[in-house]
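Here is the structure we will look at.
Please treat every number below as a calculation from the coordinates, not as lab data. None of the values given here were measured: they were computed from a predicted structure. For neighbour counting, all protein chains shown are included, and Cβ atoms are generated from backbone atoms with ideal geometry for every residue, glycine included.
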Amino acid sequence: SQSAKQLAEFGKQHISRGISRSTNLVIERAKGSYLYDVQGKKYLDFSSGIGVNIVFHKPMLDLIGKLKPVMPSTQFDSFFFWNSGAEAVEAAIKLARHATKKQNLIVFQGGYHGRTVGTMSLTTSKTIYRGRFGPLMPGVHVAPFPYCFTCPVHRAVPQKHNVINCCDNPIEQVELLLKQQTTPDETAAVIVETILGEGGYVPPPKSFFPKLREICTKNNILLIVDEVQCGFGRTGKMFAIEHFGIMPDILVMAKAIASGFPLSCIVSSKELMDTQPPGRTYSGNAVSCAAAIATLEVFEEEKILENVNNRSSQLFSLLNSRVKSLLPPHIGLDIRGLGLMVGLEFTGVPHGFVAAVAKAGVENHDIILLTTGIYETLRLIPPLTVTADEINDGVERLSQAIDMTLK
Ligand code: PMP
């Protein structure tokens, strides 16, 4: 096993400088007023007031050891832990501003990034998240997200979708923002969900991210990808951005990372991460780190990604056959998503239809369903451990709830 010195060195190498540390001790356990390091050496703790993380702790180092190999690129080698998704997004914004010495941010319409004052200001998925909580943080510019199903060009001639490429419009809008509203030399970062979550479960077309990456690189703007909802295996790859062939500068993760224990994280290159000064206490709770380690062990042992991909194909094919066949011709349905992050958007239904389906689901068919976005969209996010039988059962219950609501 690694020596205390090696562990401390590993910590210095891979943990953000943003986490305050007064020494490089690696603490393994505590009893009373004493802390014990990895060699069993005992220290009397007269520092507890400022808090929890003035030393490295072993679970955080072990977690980093487990996270590093599943990162989408070796460039991601410095980690900064938080408690919630919103805090991690805040950390990403602060890092981007500090590193670039620029202020403004570009976000996407329908994006959801959290409910703190900063992240709420980046959120445009629904007015309920912003309304009457203002004034909001200034310097945020909104570009459209490529939401093909609601795009008038796409709707008019869906069969020509690939030919006319209506989905280039959002990219053009980002370029226009940089010409008309916020110059590249005052724009710190573009922040985007890889797949819109609260905004309707919308995956972008393949071309979107490579083009966005190019604009960011050309203009010296950092690309921040918020994978709080779509990360950690949800889409069948560890991170959703791996479907799109580019890498962001900062990756934000939370939710599934510790299976419900409060833990979130941003990761970037060490070079970028360490541009910021130290100064954090509650960062990477040791119990949450242990839960995250256990979660990653389950990913390996139970071959979670393989399960997500297999169950995903099964789910899509069942939805296409069983659910589509329930609908009368005047009702349209877009079935979209990646892995087990699936949206079902209905057209030609009355307002409130999917809310009624969700209600019928839980009250009459014992299935818990969620809606998303401002259009009539159901979201399906079963556990990543879901079995084949449960997918069959779930689609059956969902179909019954839809059928009941249609009648
Ligand atoms: N970003 C995204 C994409 C999210 O889906 C969420 C939560 N729904 C958040 C950020 C905020 O995370 P939290 O609720 O943990 O603050």
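How much of the DSSP bridge set in the chain is antiparallel, in percent, rounded to the nearest 5?
Within the chain, antiparallel bridges account for around 60 percent of the total.
What residue among L380, L177, L44 shows peak mean-square fluctuation when the chain is described by a Gaussian network model with Cα springs under 10 Å?
For the chain, modelled as a Gaussian network with Cα springs under 10 Å, the answer is L44.
Summing +1 for each Lys or Arg and -1 for each Asp or Glu, what net charge is found among the other residues whose Cβ lies under 11 Å from the Cβ of N24?
Once all neighbours under 11 Å are counted, the net charge is +1.
Can you compute the charge dipole magnitude of the chain about its Cα centre, using +1 on each Lys and Arg Cβ and -1 on each Asp and Glu Cβ, nothing else charged? Give it in debye, rounded to the nearest 20.
In total the dipole reaches around 740 debye.
What ranking, highest mean first, results for peptides 180-189, 29-38, 335-344 when packing means the other Cβ atoms within 10 Å averaged over each residue?
Taking the mean over residues of other Cβ atoms within 10 Å, the ranking is 335-344, 180-189, 29-38.
Let me check I have the definition right: for the chain, take the eigenvalues of the Cα gyration tensor, multiply each by 5, take square roots. What are those semi-axes in whole Å, largest first?
They are 39, 27, 18 Å, listed largest first.
Please sort 358-370, 245-257 by packing, taking for each peptide the average over its residues of neighbouring beta carbons within 10 angstrom, highest first.
245-257, 358-370
Starting with the highest mean, order 288-300, 129-141, 2-14 by the number of other Cβ atoms within 10 Å, averaged over the residues of each peptide.
Descending mean neighbour count gives 288-300, 2-14, 129-141.
In Å, what Rg and Dmax follow from the Cα atoms of the stretch 268-407?
Every Cα atom of the stretch 268-407 included, Rg and Dmax give 19.6, 61 Å.
Let me check against my output: what whole-number percent is the relative contact order of the stretch 304-406, with C-alpha pairs under 8 Å and at least 6 apart?
Relative CO of the stretch 304-406 lands at 33 percent.
Starting from 0.36 nm per residue, how many nanometres of slack lie between T387 and K31 once their C-alpha separation is accounted for?
Value of the extension gain: 123.9 nm.
Which residue fluctuates most in the GNM of the chain (Cα springs below 10 Å): F108, F79, F46?
Of F108, F79, F46, the most mobile in the Gaussian network model is F46.
For E396 and N220, calculate 0.36 nm times their separation in residues minus their Cα-Cα distance, and state this gained length in nm to one decimal.
58.4 nm
Taking K and R as +1 and D and E as -1, what net charge do the other residues with C-beta under 9 Å from the C-beta of V252 add up to?
In short, -2.
Using Cα pairs closer than 8 Å and at least 6 residues apart in sequence, work out the relative contact order for the chain, in percent.
Reported as a whole number, the value is 18 percent.
Taking the Cα centre of the stretch 264-407 as origin and charging only Cβ (+1 Lys, Arg; -1 Asp, Glu), how large is the dipole, in debye to the nearest 20?
440 debye
Lys and Arg at +1, Asp and Glu at -1: add these up for the other residues within a Cβ distance under 10 Å of V107 and post the number.
-2
Against the longest alpha carbon principal axis of the chain, how many degrees, from 0 to 90 and to the nearest 10, is the axis of helix 286-301 turned?
Helix 286-301 sits at roughly 60 degrees to that axis.
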